[in-house]
Every structure is written in C-alpha cells, then in structure tokens.
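Notes follow once the structure below has been shown.
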Amino acid sequence: MWGKLREMMTETKSALKDNDVIKAGDVMALEQVINNLQKKLKDRHVNRLNKGRCNLKSGLVFIDLVDNFEKIGDHLTNIAQGVMGKMKWQGR
C-alpha cells in the first residue's frame with residue numbers, strides 16, 4: 001500500500017506542478033487501487049486477529065495506519081480533481 005501511495009504522491013506533485021490533467025487522471029485511477037488495498041489489508045488482518053496470530057493492540061495500530069494511508073490518498077485525489085477542474089468548492 002505504501003508503494004502505491006508514494007506513486008500517487010509523485011504523480012500528484014507532477015500533475016500539480018505541470019497542470020497535467022493526464023497525470024491527474026492517473027492519480028484518480030490510483031485512488032481506486034488504494035481503496036481496494038485498504039479493504040484487502042483490513043480483511044486479512046481481521047482473519048489474523050480471529051486466528052490469534054496478532055494481538056489486539058498492534059492490530060489497532062495496523063488498522064489506524066491503513067486507514068490513515070487511505071485518507072492521504074483521498075487528499076491526493078482532491079488535489080488531482082482540482083488540477084482537472086472537477087473540484088467543487090464549498091463557499092460560506
């Protein structure tokens with residue numbers, strides 16, 4: 001997951017720097033990959049917990065880490081949407 005997230009960060013930085021909508025589209029595609037990895041990692045982890053192969057404390061840290069990585073992916077997606085002109089701004 002970390003490798004895909006780093007790839008997403010690199011593509012986002014490049015898309016933003018060059019105002020490149022194609023690279024921004026690549027970021028959008030990676031968002032789905034990150035989401036799928038989050039689900040897969042959490043499902044596998046629940047199985048490990050159920051089999052007693054992991055303790056609860058470290059399990060919670062793992063779940064928090066996976067969820068935070070996914071949230072970073074969401075933020076990178078928001079930046080990519082801005083590059084693509086698809087960002088909806090909420091005015092006050």
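FYI, it's all coordinate maths here, none of it is from the lab. On a predicted model such as this, the values are computed, not experimentally measured, just so you know. All Cβ positions, even for glycine, are placed from backbone atoms using ideal geometry, and neighbour counts span all protein chains on display.
Tell me, Kirkwood radius of the range 19-64 from alpha-carbon pair distances, in Å? Don't jump to the answer; show the numbers that get you there.
Working: mean 1/r = 0.0811 Å⁻¹.
The Cα-based Kirkwood calculation yields 12.3 Å.
Across the range 69-74, coupling constants 3J(HN,Hα) worked out from phi with the 6.51/-1.76/1.60 Karplus curve, θ = phi - 60°, read 4, 5, 5, 4, x, 4 Hz, and Gly and Pro carry x. In order along the range 60-65, the phi-based Karplus estimate (6.51 cos²θ - 1.76 cosθ + 1.60, θ = phi - 60°) of 3J(HN,Hα) comes to 5, 4, 4, 4, 4, 4 Hz; Gly and Pro are listed as x. Taking the helices alone, the chain has a mean residue ellipticity at 222 nm of -29500 deg cm²/dmol, built from -39,500 (n - 2.57) per DSSP H run of at least 4 residues and averaged over all its residues.
If we sort 50-57, 32-39 on the protection proxy, mean other Cβ atoms within 10 Å, highest first, what's the order?
32-39, 50-57
For the range 2-82, compute Rh as the Kirkwood radius over C-alpha pairs and then the Stokes-Einstein diffusion coefficient at 20 °C and 1.002 mPa s; write the answer in µm²/s, rounded to an integer. This corresponds to a translational diffusion coefficient of 159 µm²/s.
Phi angles of the range 8-21 translate, via the Karplus equation with coefficients 6.51, -1.76, 1.60 and θ = phi - 60°, into HN-Hα couplings of 5, 5, 4, 5, 5, 4, 5, 4, 5, 4, 9, 6, 9, 6 Hz per residue; Gly and Pro are given as x.
Just need the relative contact order of the chain here, percent rounded to a whole number, with Cα pairs under 8 Å and 6+ apart. Result for the chain is 41 percent.
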